[in-house]
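Report on one structure; see the data block that follows.
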Amino acid sequence: MLAYLIRRLFAAAVMLVVIILVVFSIFFLVPKWAGVDIATSFVGKQADPHAVEAVREKLGLGDPIYVQVWHFFKGIFVGRTYAAGGDVTHCAAPCFGYSFRSEQAVWPVLTDRFPVTLGLALGAAVLWLIFGVAAGVLSALKRGSLWDRGAMVVALSGVSLPIYFTGLLSLAIFSYGLHWIDGKYVSVGDSFGGWFSGMLLPWITLAFLYAAMYARITRATMLEILGEDYIRTARAKGLTEPVVIGKHAMRSTMTPILTMLGMDLGALIGGAILTETTFSIPGLGQAVLTAIKNQDLPIILGVTLITSLAVLIANLAVDVLYAVIDPRVRLA
Amino acid sequence: MTAPLHEPTAEAAPGAAEEAAVAATDAKAVQGRSLGRIAWERLKRDKLALSGGIVVLLLIVVALLAPVITDLVGQDPDAYHQGLIDPLFSTPKGSLGGLSGDHLLGVEPVNGRDIFARILYGAQISLLVGFLSAVVAVVLGTVLGILAGFFGGWVDSVISRVMDGLLAFPQLLFIIALVSVMPNQMLGLTGTGVRVFVMILVIGFFGWPYIGRVVRGQTLSLREREYVEAARSLGAGQFYILFKELLPNLVAPIIVYTTMMIPTNILTEAALSFLGVGVKPPTSSWGQMLSSAIDYYDSDPMYMVIPGVAIFITVLAFNLFGDGVRDALDPKGSR
């Protein structure tokens with residue numbers, strides 16, 4: 001088990017380094033290949049050549065790419081000082097870069113935005129797990145019934161509806177039309193009640209989309225498992241139906257659900273870009289979208305790192321949970 | 001946003017391929033029903049899937065004929081009709097977003113472009129990106145998956161690690177990043193042409209591991225079959241076995257995954273245009289219409305509803321059809 005964990009953590013670290021290299025290449029090599037100068041794009045199109053040179057020197061954009069990558073890694077542990085002539089900017093450790101577009105270090109941006117997105121993702125996940133899995137199990141048990149067909153039609157519609165449409169629709173109906181909920185985002189620090197009611201619509205729309213997917217998968221998996229021999233054995237030895245379903249069938253049904261949960265939660269924590277844009281929630285997703293539009297590389301790098309880290313950790317947690325849920329899985 | 005390519009499909013695949021094998025060997029001896037024939041007969045009985053298929057066909061025809069249809073109703077997607085806009089609120093005059101005999105679905109706020117015409121032209125972009133990126137993914141996924149499964153060893157290790165890596169990547173983020181750094185001129189294309197081309201490549205590139213994994217798994221089990229051994233003992237070369245013996249038996253899972261990938265790709269294209277990194281105005285696309293509708297969700301809700309419903313109908317039709325195709329190709333999934 002310990003050896004397994006160490007191996008997985010090592011693989012995750014390698015993956016992170018690869019991701020950093022890929023991000024660097026996307027934002028440094030692709031523009032170079034396309035003939036766009038990064039220093040110029042940082043300063044603005046009508047910049048005077050001196051300002052461009054100063055930025056190039058300060059950010060070290062003239063250095064070879066491996067030097068730039070090395071400075072980035074070093075900055076995380078010991079901090080970093082950007083200097084060009086008399087113009088010095090210090091970025092304390094852990095320095096994930098300094099955004100010269102918005103004149104701020106990246107790390108505080110990440111720590112500000114992260115809890116917002118975490119709240120969005122976790123709240124929605126609780127909802128979609130409860131409703132998605134319950135709907136899927138009920139559909140599988142009452143296969144072919146009116147409930148089953150109805151639930152599956154709703155689920156199929158759910159996976160076909162983009163979140164930026166259901167989100168806008170729910171805002172138009174519940175916030176503007178019926179005035180039930182104020183759709184504005186309020187920070188938790190300001191008012192818990194305000195935050196909660198502001199997050200209700202995002203949670204519900206996000207959960208609806210995922211609940212639809214989870215219901216479809218739960219139903220399909222459950223149906224397959226109900227045909228297995230060990231379920232027949234459990235029934236034959238006289239176990240009651242709730243025990244057969246709840247204890248024996250549910251365990252195996254949860255395995256694919258957990259895999260999905262790990263991937264989805266990881267991806268969402270790294271930035272629910274579409275949801276945050278639709279509902280104007282100031283999370284990581286919104287930060288990275290703005291950064292991409294401004295070609296603000298330091299912020300993009302920081303968010304990408306956090307996202308990848310979240311995906312990797314979530315997947316690792318899922319793999320460990322497998323062994324707990326399914327005794328047939330041995331971690332070796 | 002993980003791709004909604006579900007476990008059941010992966011489960012469906014082995015059965016489907018088995019049937020392909022059975023159908024192939026039994027074809028002449030028994031009753032001459034090919035896999036395609038059997039699948040078609042199943043599909044014909046599935047009313048939902050058929051209606052999905054019909055809607056898909058209609059959409060393709062409408063998208064292809066978009067210039068002809070807009071000419072017939074006498075509208076141009078780029079023509080401004082500022083006379084139809086209320087100067088005070090900059091929303092369309094009249095009810096339901098300026099709906100009228102001339103403007104079948106109303107006009108846009110501010111500059112009054114005809115929504116019907118823009119929806120038709122938007123369908124071209126959606127379907128083009130949806131189909132072609134699926135083709136990119138299928139070609140890459142099939143070739144690399146079959147190579148990994150057939151040759152094994154280091155070829156398999158390298159390809160499998162790349163697939164795992166790509167699946168663990170924050171995909172939407174990378175797609176956005178890649179699309180946004182692309183230049184405006186490339187390979188003799190400009191503006192919209194470049195953006196569409198880049199979207200097709202990037203979406204296709206991030207989609208291939210889903211197909212690649214299935215094809216690899218299938219190839220692993222198929223390469224040990226007797227008919228492959230038979231071919232080998234008769235002196236067949238590697239590539240003959242790969243493309244003449246193995247590939248035909250992989251057709252079923254490949255078709256299933258392709259039909260399920262198209263709606264996902266259409267949603268991704270719409271999302272990119274919604275976020276402002278996909279197709280840029282004046283070219284119309286559904287996602288971009290929705291994003292400009294954010295500002296008018298209270299004053300002109302029709303402007304938001306129309307492109308949203310267009311996306312919904314398209315993706316739902318593809319999903320229904322895709323589910324039907326999967327069921328038809330999968331003998332286990334009797335309803």
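Each reported figure results from applying straightforward, stated rules to the coordinates on display, with no laboratory input. Just so you know, these numbers come straight off a predicted model, no measurement behind them. Here the Cβ is made from the backbone with ideal geometry for all residues, glycine too, and neighbour counts use every protein chain on show.
Descriptive notes on the structure:
- Candidates A:Tyr98, A:Tyr82, A:Tyr210: whichever shows maximal mean-square fluctuation once chain A is modelled as a Gaussian network with Cα springs under 10 Å: A:Tyr82
- Spacing of the modelled spin labels on A:Lys74 and A:Ala11, each 7 Å from Cα toward Cβ, amounts to 3.3 nm.
- Taking amide H positions as modeled 1.01 Å from N, with prolines and chain starts lacking one, the residues under 5 Å from A:Gln104 and 5 or more places away or on another chain are A:Ser99.
- Whole-number percent relative contact order across chain A, with pairs defined as alpha carbons under 8 Å at least 6 apart: 20 percent
- Each peptide in A:153-166, B:274-287, A:61-74 was scored by the mean count of other Cβ atoms within 10 Å over its residues; highest first, the order is B:274-287, A:153-166, A:61-74.
- Helix axis angle, A:106-141 relative to chain A longest principal axis, alpha carbon, degrees: 20 degrees
- Between B:Arg37 and B:Ser299, the modelled label-to-label distance comes to 6.4 nm, taking each label 7 Å out from Cα in the direction of the beta carbon.
- Shielding by partners, peptide A:163-175 (average Cβ within 10 angstrom, other chains): 5
- Residues in the stretch A:310-320 carry Karplus couplings, in order, of 4, 4, 5, 5, 4, 5, 5, 4, 5, 4, 5 Hz; the curve used is 6.51 cos²θ - 1.76 cosθ + 1.60 with θ = phi - 60°, and Gly or Pro positions show x.
- Look at the stretch A:154-161: the mean tally of other chain Cβ atoms within 10 Å of its residues' Cβ atoms is 5.
- Peptide B:175-181 shows a mean partner chain C-beta count of 6 within 10 Å per residue C-beta.
- In chain A, the longest principal axis of the Cα atoms and the axis of helix A:146-160 are about 10 degrees apart.
- Residue-wise HN-Hα coupling along the stretch A:2-7, computed from phi with Karplus coefficients 6.51, -1.76, 1.60 (Hz; x: Gly, Pro): 5, 4, 4, 4, 4, 4
- Compared with the dominant Cα axis of chain A, that is its longest principal axis, helix A:49-59 is turned about 50°.
- Compared with the direct C-alpha span, the chain from A:Thr89 to A:Arg143 gains 12.9 nm at full extension, assuming 0.36 nm per residue.
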